[in-house]
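Take a look at the structure set out below.
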Amino acid sequence: MTMSGDPIRVVLVEDNLADAELEVRELKRAGLRVEHRVVDTEGDFRLALAESHLDVILSDFSMPGFDGMAALALSRELRPETPFIFVSGTLGEDYAIRALKNGATDYVLKSNLVRLSAAVERALADAKERAERRGVEAELLGARKRLAEIMNSLPDMYWSVELPSERILYISPNSAGIFGRAPEEFLRDADLWNEAVHAEDRARMLEAWKKLVLKDLPFDIEYRLVRPDGRIVWVNDRGHVVRSVAGVPERVDGVVRDITEQVEHRRRIARLSRIRELSSSINQALVRVRERQGLFEEICRIAVHVGRFKGAHVGLADPQSGDVRWACRTGVIRGQGELPVSAREDVEAGQGLVGRALRSAQPQMWNDVEHDAGVRNREHFLALGIAAIGTFPLSVEGKPIGVFSLHAGEREFFDQEEVALLQELAANVSFALELMNKQERIAYLAHHDALTGLPNRVLFDERLKQAVEDARSAGRPVTLALFDLERFKGINDALGPHIGDRVLQALARRMESTRGGIERIARLGGNVFASILPESADELERRLEPDLARFFGPAFEVEGQEIRLSAKLGIASFPRDGADAASLFRNAEASLKHAKETGERFLFYAPHINARAAEQRELENRLRKAVEQRELFLHYQPKLDLASRKIVGLEALMRWQAPEGGLVSPVKFIPVLEQTGLILEAGRQAIAAASLLYRSWQARGLDAPRIAVNVSALQLRRRSFVEDVRMALGSAVADGGGVDLEITESLLMSEVEESISKLRDLRTLGLRVALDDFGTGYSSLAYLSKLPLDTLKIDRGFVRGLTANADDTSIVSTIISLAQSLRLKVVAEGVETEEQAQLLRLLRCDQVQGFLFSPPLPPERLEALLKPL
C-alpha cells in the first residue's frame with residue numbers, strides 16, 4: 001500500500017506510549033500513511049470503536065488495567081468486521097492459538113516489528129475481500145428474496161424433478177393455491193401428486209409423463225386435480241428435460257397453471273356454439289315442417305343429434321285436467337318410464353320443472369340434478385347420465401300450452417346466456433305453433449260453419465262427391481236431403497239473435513247424434529242444412545214421417561225457453577235423380593224450393609220440378625234484361641172520392657210485356673223481382689216514372705192527382721232507402737214529386753222503430769204514406785198511433801165479403817172507425833159492385849178503387865179523365 005492511498009485509521013490498545021510510537025513508526029517506515037489513536041482503558045476503547053471509520057486494531061496482550069482478550073471480545077461484539085492484531089512481547093504459542101480462535105486476525109511480537117506492516121496489509125486485504133464477499137452474498141440473498149417474493153406472487157406453480165430417480169427437487173409456494181397443499185407435503189410424499197390427479201385423467205397424465213422421460217416427447221397436458229376440499233381444478237402441466245453438458249438427462253423442470261376459468265370459458269363457448277347450431281337447425285325445421293306432431297319429433301331429434309343433449313322431450317298440457325302428455329321423447333329418456341306430470345300446483349305431479357314452467361310461463365332449471373333440492377326422480381336421471389335439466393314453456397296466444405325440455409350431461413349447463421338463447425328458441429317454436437293454429441283455424445273455417453261447427457257448403461260438396469263415387473263403386477244408392485227451417489226469423493225477432501244462434505247450435509248437435517255423425521251433415525248457410533243418407537229415396541220415404549216427428553217433435557230448451565222448429569225438405573237420390581253430386585244437389589235444391597212454394601213438408605225430386613225450375617230461371621234472365629233495358633212500365637188505377645166519385649189519386653201498378661208480345665202477370669214476375677233483388681232498381685224506376693208523369697201533367701195544365709207507388713220489403717230495409725227515394729225524385733222534392741208510398745202492414749211492423757224514422761224523413765220531403773192491406777197483418781195499436789201515416793187501405797179480401805159476410809162488414813166498420821179516430825183517410829181496395837160501394841159510403845169510407853170504377857190504365861187513357869186546372 002503506498003503513501004498515495006487514503007490513510008489507515010489505527011487504534012492502538014497500549015499502556016506503553018513508547019511501544020505505541022514504535023509500532024506507528026514501523027508502519028510509516030513501511031510506507032503506510034497512518035492516522036492513529038492510543039487507548040489504554042475500556043471506556044476509551046469503546047469510544048474509539050464507535051467512530052464512523054476504523055481500519056485496524058493493534059492491541060497489547062497483557063496490560064495492567066485492561067486485558068487484551070477483553071479488548072478482542074469487545075471488538076468482536078462492536079466491530080466484528082475490523083481486523084484485530086495482537087502486538088505483544090509476552091504472547092506464548094498457547095495464547096496465540098487461543099487468540100486466533102477467539103477472532104484475532106494475526107499476532108506480531110514486539111521483538112519482531114518488522115512483520116507488523118505486512119500483517120496489517122494482509123489483514124486489510126483480507127477484510128476488504130470479506131467485505132466484498134459479504135456484499136455479493138447480500139446481493140445474492142436479496143435476489144433470492146426477491147425471487148421468492150416473485151414466485152409467491154405468480155399464479156403458477158413451478159416444479160423440478162430429478163432424473164432418473166424422479167425425486168421431487170422443488171415445488172414453488174403456489175402449490176397451496178392450485179393443489180390446496182403446501183410444497184413440503186409433496187417433498188415428504190412422492191405419490192401425493194399422482195393421487196391428486198382426477199381418477200379419470202390419471203392414466204392419461206402418467207402416459208404423457210412416461211413419453212417425456214423415456215422418449216423426450218413434449219409434455220403439455222390438461223387434466224383435473226381434486227383438492228382436499230373436494231373442489232375440481234383444471235390445470236395445464238408443461239415440462240421439459242434439462243441435460244448436463246454431456247447430454248445426460250439430469251432433471252425435468254415444469255410449470256402448472258390453473259386453467260379452470262379458461263376451460264369453463266371454452267366449454268361455455270362450445271355450449272353456446274351448440275345452442276346456436278341447435279337454434280339454426282330448429283328454425284329451419286320450423287319453416288320446413290308444417291305438421292305439429294312432425295315438428296315436435298324433429299325438434300327433439302335435432303336437440304339430441306345436433307345439440308348433443310342427452311335427451312329432449314315435448315310435453316303438452318290438457319287444458320281441462322292439467323295432465324301433461326309427452327308428444328315426443330328422444331335420446332336416453334326415450335322409452336323410459338317417468339312419474340306423472342301435471343300443470344296443477346295442488347298435486348305432487350305439478351311440483352317439478354314442467355309444472356312450474358307451465359304455471360309461471362318462465363324457464364325452470366335443475367342445474368345440478370345430483371344436489372339441487374326438489375329433484376323428482378333423481379336416481380332415475382342420474383342413472384341415465386343426466387346432470388342438468390332445463391324446461392322452457394311453449395305458449396300460444398299468450399297462454400302456456402306445453403314445454404320443451406332438454407337434458408344435459410354436464411352440471412351447470414344452463415347459464416344466463418344459454419337460457420336466453422333457448423328461451424328465444426322456445427319463443428320461435430311457440431310462434432310456429434301459433435301460426436299452425438291460425439292456419440288450421442283458417443282451414444277449419446274454410447270448410448266449417450263458424451257458428452255450429454258443422455261442415456260448410458265447400459266441405460259438404462267434397463263429401464257428397466265422395467259419397468256418390470263410393471255409392472257408384474258399391475252399386476248402391478245414396479240420398480241427399482236439404483232442410484230449410486221455417487219461420488226462424490220470428491225466433492230472432494222475438495227472442496234475440498243470440499237465442500237464435502243457440503237454437504242453431506242445439507239443432508246441429510241433435511243432427512250429429514241422429515244423422516250418423518258430423519261427416520254426413522252440414523250447414524249450407526242461413527237456415528239451410530243438409531244430410532247424406534246411405535239409402536234409397538224409397539227406403540227413406542217409408543220412415544221419413546216418424547223420423548221427422550222424432551227429430552223436430554221434441555222442443556229445444558235454450559236459456560229457459562222451449563222452442564219448437566219445423567222445416568221444409570227437398571230430397572234427391574243417386575242414381576235415380578242425378579248421375580253426379582252436382583246434379584243431385586241441384587235436384588234436391590229444386591225439390592226444396594218447390595216444397596216451400598207448395599207448402600208441402602217434404603218433396604222427393606220429380607222431373608217436372610226441374611222443368612218448372614228451368615222455366616223460372618228463364619223468367620229471371622228475361623226479367624233481368626227487362627229491368628236493365630227499362631222494359632217495365634206502369635199502369636195507373638184511379639182512387640175516387642166515394643161521395644163525389646171524383647179522381648183524387650192513382651196507384652201505380654207495374655207491368656211487363658214479354659218479347660213475344662203478351663203481358664206477363666204481375667203475380668208471376670213481381671215475386672221474381674223480389675227474390676233476385678231486381679226490385680231495388682225496378683222500384684227506383686217506378687218512383688222516377690210516376691214523379692215524371694205527375695210533373696208532365698202539371699206542366700200541361702192538368703189537375704194531376706198524386707200517384708202512389710208500392711214499396712217492397714227489400715227497398716224499405718235498405719239503410720239508404722230515404723236517399724234512394726230522393727235520388728229517384730231528382731230535383732222535384734218540394735211536394736215529394738207528387739208521389740205517395742204504399743207499404744204493406746206486415747212489412748212496416750217488422751222493424752217498427754227504424755221504419756218510423758225512415759218514413760218521417762220521407763214525409764219531410766213532401767211524400768205521403770199509406771198502410772196497404774190493413775187488417776191482414778199484426779199491427780199493434782200502440783205503434784199504429786206513432787206511425788207517420790196519412791192513409792189506411794182496407795184489404796180487398798174484406799171488401800169482397802162485405803155484402804155477404806157480417807164479420808167482414810164488422811171488420812171494415814172497425815177499420816174505418818179506427819182510421820177516423822187517428823185522423824187518417826181510408827181507402828177500400830177491390831170494389832167491384834155497386835152494393836159494395838153503397839155500403840162503404842154508409843160506413844163513411846173516404847175513398848175507393850176497383851174495377852167498378854176503372855181498371856189500371858195507361859197514362860194516355862187517363863189524361864182524358866183529368867180536368868184542366
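The values are calculated or read from the model by the stated rules, or taken from the named source; none is laboratory data. Keep in mind that this is a model prediction, so the values were computed, not measured. Cβ: placed from backbone, ideal geometry, glycine included. Neighbour counts: every protein chain shown. Note: areas computed on protein heavy atoms with side chains; ligands, DNA, RNA excluded. Shrake-Rupley method; radii C 1.70, N 1.55, O 1.52, S 1.80 Å.
Which one of these does residue 320 not meet: (1) over 30 Å from residue 355 (Cα atoms); (2) open to solvent by 30 Å² or more (accessible area, probe 1.4 Å)? If we test residue 320 against (1) over 30 Å from residue 355 (Cα atoms); (2) open to solvent by 30 Å² or more (accessible area, probe 1.4 Å), just (1) comes out false.
Specify which of the listed residues (24, 10) is buried (at least 16 other Cβ atoms within 10 Å of the Cβ) and outside any helix (DSSP H, G or I).
On the way: 24 fails: outside any helix (DSSP H, G or I).
Of 24, 10, the one residue that is buried (at least 16 other Cβ atoms within 10 Å of the Cβ) and outside any helix (DSSP H, G or I) is 10.
For segment 456-469, the count of residues that are modelled with pLDDT of 90 or more, farther than 21 Å from residue 283 by Cα and touching a Lys or Arg at 6+ places or on another chain (Cβ under 7 Å) is nonzero.
Of all residue pairs spaced 6 or more apart or on separate chains, none has beta-carbon atoms under 7 Å together with a first member in segment 430-444 that is farther than 12 Å from residue 395 by Cα and a second member that is hydrophobic (A, V, I, L, M, F, W, C) and open to solvent by 80 Å² or more (accessible area, probe 1.4 Å).
In segment 289-307, what residues are in a helix (DSSP H, G or I) and in contact with a helix residue (DSSP H, G or I) (Cβ under 8 Å, 6 or more places away or on another chain)?
Kept after step one, since they are in a helix (DSSP H, G or I), are these residues of segment 289-307: 292-305.
Matches in segment 289-307: 292, 295, 298, 299, 302, 303.
Would it be correct to say that residue 696 is open to solvent by less than 20 Å² (accessible area, probe 1.4 Å), modelled with pLDDT of 90 or more and within 24 Å of residue 863 (Cα to Cα)? No: the conditions fail for residue 696. Taking the numbered list (1) open to solvent by less than 40 Å² (accessible area, probe 1.4 Å); (2) in a helix (DSSP H, G or I); (3) of a type in the set (Lys, Arg) in turn, residue 639 passes all entries but (2).
Could you say whether any residue in segment 55-76 is part of a strand (DSSP E or B) and hydroxyl-bearing (Ser, Thr, Tyr)? Within segment 55-76 (the criterion being part of a strand (DSSP E or B) and hydroxyl-bearing (Ser, Thr, Tyr)), the answer is yes, since at least one residue qualifies.
Taking segment 399-429, which residues are of a type in the set (D, E, K, R), open to solvent by 10 Å² or more (accessible area, probe 1.4 Å) and in contact (Cβ under 8 Å) with a residue 40 or more places away in the chain?
From segment 399-429, those of a type in the set (D, E, K, R) are 399, 410-412, 415, 417-418, 424; that's our starting set.
If we keep only those that are open to solvent by 10 Å² or more (accessible area, probe 1.4 Å) too, we end up with 399, 410-412, 415, 417, 424.
Listed by number, the residues that qualify are 410, 411, 412, 415, 417, 424.
Yes/no per residue for (1) over 60 Å from the mean Cα position of the chain (by Cα); (2) modelled with pLDDT under 90; (3) in a loop (DSSP other than H, G, I, E, B); (4) farther than 17 Å from residue 741 by Cβ:
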site: 611; (1), (2), (3), (4): no, yes, no, yes
site: 619; (1), (2), (3), (4): no, yes, no, yes
site: 622; (1), (2), (3), (4): no, yes, no, yes
site: 645; (1), (2), (3), (4): yes, no, yes, yes
site: 667; (1), (2), (3), (4): yes, yes, no, yes
site: 685; (1), (2), (3), (4): no, no, no, no
site: 708; (1), (2), (3), (4): yes, no, no, no
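What is the one condition in (1) touching a helix residue (DSSP H, G or I) at 6+ places or on another chain (Cβ under 8 Å); (2) closer than 17 Å to residue 161 by Cα that residue 187 does not satisfy? Just one mismatch for residue 187, condition (1). When segment 478-508 is limited to residues that are of a type in the set (D, E, K, R) and modelled with pLDDT under 90, the one that is least open to solvent (accessible area, probe 1.4 Å) turns out to be 486.
Is segment 811-830 home to any residue that is touching an Asp or Glu at 6+ places or on another chain (Cβ under 6 Å) and under 25 Å from residue 689 (Cβ atoms)?
Going residue by residue through segment 811-830, those that are touching an Asp or Glu at 6+ places or on another chain (Cβ under 6 Å) are 825-826.
Going one step further and asking which of them are under 25 Å from residue 689 (Cβ atoms), we end up with 825.
Within segment 811-830 (the criterion being touching an Asp or Glu at 6+ places or on another chain (Cβ under 6 Å) and under 25 Å from residue 689 (Cβ atoms)), the answer is yes, since at least one residue qualifies.
May I ask you to list the residues in segment 193-221 that are surrounded by 15 or more Cβ atoms within 10 Å (Cβ to Cβ) and of a type in the set (A, V, I, L, M)? Of everything in segment 193-221, those that are surrounded by 15 or more Cβ atoms within 10 Å (Cβ to Cβ) and of a type in the set (A, V, I, L, M) turn out to be 196, 197, 205, 208, 212, 213, 221. For segment 330-338, state whether one or more residues are surrounded by 18 or more Cβ atoms within 10 Å (Cβ to Cβ) and free of Cβ contacts under 8 Å to residues at least 40 places away in the same chain. There is at least one residue in segment 330-338 that is surrounded by 18 or more Cβ atoms within 10 Å (Cβ to Cβ) and free of Cβ contacts under 8 Å to residues at least 40 places away in the same chain.
In this structure, does residue 571 turn out to be over 18 Å from residue 487 (Cβ atoms), under 45 Å from the mean Cα position of the chain (by Cα) and at pLDDT 90 or above?
no
Here segment 27-54 is the region considered, the condition is being part of a helix (DSSP H, G or I) and among the acidic types (Asp, Glu), and the residue that is nearest to residue 86 (Cα to Cα) is 42. Of all residues in segment 93-132, those that are under 14 Å from residue 80 (Cα atoms), of a type in the set (Asp, Glu) and open to solvent by less than 30 Å² (accessible area, probe 1.4 Å) total 0.
Within segment 531-547, residues that are modelled with pLDDT under 85 and open to solvent by less than 10 Å² (accessible area, probe 1.4 Å) reach partners that are of a type outside the set (A, V, I, L, M, F, W, C) and outside any helix (DSSP H, G or I) with beta carbons closer than 7 Å, at six or more positions or on different chains, in the pairs 537/479; 537/573; 537/576; 540/479. Considering only segment 154-173, I want to know if a residue exists there that is open to solvent by less than 60 Å² (accessible area, probe 1.4 Å), at pLDDT below 75 and under 22 Å from residue 240 (Cα atoms). Yes, segment 154-173 contains at least one residue that is open to solvent by less than 60 Å² (accessible area, probe 1.4 Å), at pLDDT below 75 and under 22 Å from residue 240 (Cα atoms).
Results for (1) farther than 29 Å from residue 759 by Cα; (2) touching a Cys at 6+ places or on another chain (Cβ under 7 Å); (3) modelled with pLDDT under 90, shown as yes or no for each residue.
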| residue | (1), (2), (3) |
| --- | --- |
| 777 | no, no, yes |
| 821 | no, no, yes |
| 833 | yes, no, no |
| 838 | yes, no, no |
| 856 | no, no, no |
| 860 | yes, no, no |
| 867 | yes, no, yes |
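The rows are residues; the columns are (1) under 19 Å from residue 650 (Cβ atoms); (2) more than 60 Å from the chain's Cα centre (by Cα); (3) open to solvent by less than 40 Å² (accessible area, probe 1.4 Å).
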site: 768; (1), (2), (3): yes, yes, no
site: 787; (1), (2), (3): no, no, yes
site: 801; (1), (2), (3): no, yes, yes
site: 806; (1), (2), (3): no, yes, no
site: 825; (1), (2), (3): yes, yes, no
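Among the listed residues 501, 461, 484, which satisfies the condition of being in a helix (DSSP H, G or I), over 34 Å from the mean Cα position of the chain (by Cα) and of a type in the set (D, E, K, R)? Please lay out each step first, then the result.
On the way: 501 fails: over 34 Å from the mean Cα position of the chain (by Cα); 484 fails: in a helix (DSSP H, G or I).
461 is the lone residue from the list that is in a helix (DSSP H, G or I), over 34 Å from the mean Cα position of the chain (by Cα) and of a type in the set (D, E, K, R).
Counting only residues that are part of a helix (DSSP H, G or I) and of a type in the set (A, V, I, L, M), how many does segment 781-832 have? Residues that pass the stated criteria total 11.
Which of the following residues is modelled with pLDDT of 90 or more, more than 30 Å from residue 434 (Cβ to Cβ) and either among the acidic types (Asp, Glu) or open to solvent by 10 Å² or more (accessible area, probe 1.4 Å) (or both): 361, 373, 387, 383? After applying the criteria, what remains is 387. Only a single item in (1) exposed (fewer than 15 other Cβ atoms within 10 Å of the Cβ); (2) closer than 27 Å to residue 415 by Cβ; (3) not aromatic (Phe, Trp, Tyr) is not met by residue 258, and it is number (1).
Counting the residues of segment 432-456 that are surrounded by fewer than 19 Cβ atoms within 10 Å (Cβ to Cβ) and of a type in the set (Asp, Glu) gives 2. Close Cβ contacts (under 8 Å, 6 or more residues apart or on different chains) running from residues in segment 354-379 that are on the phi > 0 side of the Ramachandran plot to residues that are surrounded by fewer than 21 Cβ atoms within 10 Å (Cβ to Cβ) and modelled with pLDDT of 90 or more comprise 361/395; 361/400.
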